[in-house]
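For reference, the structure is listed below as structure tokens.
The values are calculated or read from the model by the stated rules, or taken from the named source; none is laboratory data. What you see is a predicted model; the values in this text were computed from it and never measured. Here the Cβ positions follow ideal geometry from the backbone for every residue, glycine too, while neighbour counts run over all protein chains shown. The area values use the complete protein model at the heavy-atom level, side chains included, leaving out ligands, DNA and RNA. Shrake-Rupley method; radii C 1.70, N 1.55, O 1.52, S 1.80 Å.
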Amino acid sequence: MRKEPVKIKEVEAPVRSGNFEEVILGYSEEEALREAARCLQCKNPLCSSGCPVGIDIKTFIHKITQKDYAGACSTIRQKNNFPSICGRVCPAEYQCRKACVLTKRGERFATPEAINIHFLERFAGDYGMNNPANRQSGAKCIDAKAKKVAIVGSGPAGICCAGELARAGIKVVVYEGLHKLGGVLRYGIPPFRLPRNILDYEIESLKKMGVDFVPNFIVGRNKSVDELLKEFSAVFLGLGAGIPSFLGIKGENLCNIYSANEFLTRVNLMSAYKFPKAHTPVNIGKSMVIIGGGNTAMDAARCALRLQKMNGLNPDTTVLYRRSEVELPARRLEIEHAKEEGIKFKLLVKPEEFLGDEKGFVRKLRCLQCELGEPDASGRRKPIEIPGSGFEVDCDIAVVAIGLNANEILTKVTPALKVDKYGDVVVDENTMETSIKNVFAGGDIVGGEGTVIEAMGMAKRAAKSIIEKLCNQR
Ligand code: FAD
Ligand code: SF4
């Protein structure tokens with residue numbers, strides 16, 4: 001008889017929605033062993049084909065069944081440097097779990113029968129983190145004096161590339177524009193999804209391996225790429241995509257309308273989540289409206305609701321999205337969690353105009369109801385407005401979370417760096433080298449799916465090319 005999937009423990013919604021503590025508690029050893037034992041150890045393991053970096057999933061799960069947790073962790077680390085992070089944030093329902101042979105075919109997302117690969121990855125990753133003796137260490141330098149690489153940006157792409165190079169014995173300096181390290185993992189994804197000690201641990205490990213970090217340093221302002229190339233043998237650009245898109249509708253300049261990036265940065269990076277220990281540098285309203293349906297929108301909504309509760313307000317946070325539930329691009333788990341926590345969803349809705357009071361503060365959002373038409377270029381059915389369906393939603397704080405574009409500070413002042421029409425840096429897909437010799441790029445700045453694991457995959461490819469190049473130059 002087929003065994004039931006092992007459920008993951010979570011903090012109850014009424015409790016967790018009043019704080020920023022981690023929601024998912026992870027598998028115990030006994031639970032991980034039971035879940036790993038469900039894996040069929042397929043001859044042709046489809047799961048790995050669904051992983052953007054091709055982790056040997058079958059082997060790491062087998063190692064868990066053998067109680068070789070350190071081995072499981074190092075199997076994952078061969079392809080993915082940060083299993084504790086990816087085990088918490090990867091959209092596995094579109095990736096490895098969807099490809100798992102146990103998932104029902106023809107479904108849009110993985111079905112519950114699929115092995116909980118991401119939770120097992122988290123279990124193995126956390127084991128590695130809590131037993132540092134099992135961690136890989138840096139190798140001897142190829143040539144410490146001559147080989148130095150500069151990395152711009154400390155998000156997943158930057159820190160993954162730094163780790164790969166440091167392990168090959170190359171001296172690395174990471175320049176970060178913000179005062180804290182980690183990119184979106186720090187300022188975007190809230191601590192209830194990714195506790196900060198995990199990110200801190202990975203960064204500390206890199207420091208121990210000899211990686212230098214220079215925060216508050218904007219390449220393109222404090223130093224140019226040309227100047228870096230005089231000092232370093234190669235440069236890796238992991239600049240990310242932090243420029244928000246706006247709706248472009250009337251009233252969008254009213255007070256208390258935030259971009260999701262600004263809102264989340266204020267909450268996560270500027271410590272609003274520590275309320276009342278830290279004074280909250282973000283306005284909280286009685287009726288908070290989040291526009292969008294991706295991970296960013298879910299994070300903003302769940303933060304908003306938590307802050308309402310922590311500030312003694314009745315929680316009233318609504319997500320407005322222009323398509324239906326099945327098209328919501330966010331991770332399924334985040335959508336479920338958001339609903340359990342009391343976030344309301346108004347679907348098939350198109351914002352038309354923000355309405356304000358005499359002092360210039362937003363008060364309402366006028367919307368139109370939509371229905372779904374034919375699929376558009378993205379393959380998703382297009383929302384079509386229903387004439388005469390207008391209605392108003394109360395809204396004293398709005399957060400616009402409809403997409404992010406490439407960071408431009410560096411690319412704008414580096415004319416030799418080829419970018420496409422979206423401002424994304426153009427690279428050779430195999431080597432990740434840009435139009436400037438010895439300058440490589442990866443992560444959101446080159447486009448793609450916009451996931452942590454994909455950013456890391458690109459960074460790994462770039463690091464491999466850099467290492468090959470530097471070795472050949474010896
Ligand atoms: P980033 O993480 O954006 O890091 C880029 C870094 O470069 C930043 O720290 C920036 O300050 C720095 N920088 C930029 N320009 C310069 C410069 N000129 N000089 C110095 N430093 C510079 N993905 C998932 O897989 N799962 C999720 O659950 C998920 N949730 C998300 C939630 C939110 C709110 C957001 C915004 C994104 C989410 N994503 C998720 C997407 C994922 O976080 C990104 O794909 C990933 O962070 C990209 O990594 P990166 O290193 O390319 O860029
Ligand atoms: Fe195990 Fe599923 Fe991979 Fe088969 S496809 S090896 S069952 S995780």
Quiz item: Just wondering, is there one or more residues in region 111-124 that are open to solvent by less than 10 Å² (accessible area, probe 1.4 Å) and more than 21 Å from residue 332 (Cβ to Cβ)?
Solution: yes
Quiz item: When region 285-309 is examined, which residues are found to be over 20 Å from residue 244 (Cβ atoms) and open to solvent by less than 40 Å² (accessible area, probe 1.4 Å)?
Solution: 287, 305, 306, 308
Quiz item: Which of the residues belonging to region 218-248 are open to solvent by less than 40 Å² (accessible area, probe 1.4 Å) and within 26 Å of residue 259 (Cα to Cα)?
Solution: 219, 220, 237, 238, 239, 240, 241, 242, 244, 245
Quiz item: Out of all the residues in region 423-445, which are β-branched (Val, Ile, Thr) and open to solvent by less than 30 Å² (accessible area, probe 1.4 Å)?
Solution: 425, 434, 436, 439, 445
Quiz item: Checking residue 413 against (1) open to solvent by less than 40 Å² (accessible area, probe 1.4 Å); (2) over 30 Å from residue 53 (Cβ atoms); (3) in contact (Cβ under 8 Å) with a residue 12 or more places away in the chain, which test does it fail?
Solution: (1)
Quiz item: Within region 66-76, is even one residue outside any helix (DSSP H, G or I), surrounded by fewer than 20 Cβ atoms within 10 Å (Cβ to Cβ), on the phi < 0 side of the Ramachandran plot and not hydrophobic (A, V, I, L, M, F, W, C)?
Solution: yes
Quiz item: Scanning region 1-41 for residues that are open to solvent by less than 20 Å² (accessible area, probe 1.4 Å) and assigned to a helix (DSSP H, G or I), which turns out farthest from residue 113 (Cα to Cα)?
Solution: 16
Self-check item: Scope region 446-474; condition open to solvent by 50 Å² or more (accessible area, probe 1.4 Å) and among the small types (Gly, Ala, Ser); matching residues
Solution: 448
Practice problem: Report yes if residue 377 is modelled with pLDDT of 95 or more, open to solvent by 20 Å² or more (accessible area, probe 1.4 Å) and of a type in the set (A, V, I, L, M), otherwise no. | Solution: no
Quiz item: When only residues in region 47-62 that are open to solvent by 60 Å² or more (accessible area, probe 1.4 Å) and assigned to a helix (DSSP H, G or I) count, which is farthest from ligand 1 (Cβ to nearest atom)?
Solution: 62
Quiz item: Is at least one residue of region 133-154 modelled with pLDDT under 95, assigned to a helix (DSSP H, G or I) and more than 14 Å from ligand 2 (Cβ to nearest atom)?
Solution: yes
Quiz item: Tally time: how many residues in region 236-282 are acidic (Asp, Glu) and assigned by TED's automatic domain parsing to the domain that holds residue 159?
Solution: 0
Quiz item: Could you give every pair whose Cβ atoms fall below 8 Å, whose first residue belongs to region 100-126 and is without any contact (Cβ under 8 Å) to a residue 40 or more places away in the chain, and whose second residue is among the acidic types (Asp, Glu) and within 16 Å of ligand 1 (Cβ to nearest atom), counting only separations of at least 6 or pairs across chains?
Solution: 110/93
Quiz prompt | Residue list for region 360-374, restricted to those being open to solvent by 40 Å² or more (accessible area, probe 1.4 Å) and without any contact (Cβ under 8 Å) to a residue 12 or more places away in the chain | solution = 374
Quiz item: Would you pick out the residues in region 305-350 that are of a type in the set (Ser, Thr, Tyr) and either touching a residue at least 60 places away in the same chain (Cβ under 8 Å) or under 25 Å from residue 450 (Cα atoms) (or both)?
Solution: 318, 321, 324
Quiz prompt | Leading residue by the ranking (farthest from ligand 1 (Cβ to nearest atom)) among those in region 3-23 that are in contact with a helix residue (DSSP H, G or I) (Cβ under 7 Å, 6 or more places away or on another chain) and of a type in the set (A, V, I, L, M) | solution = 6
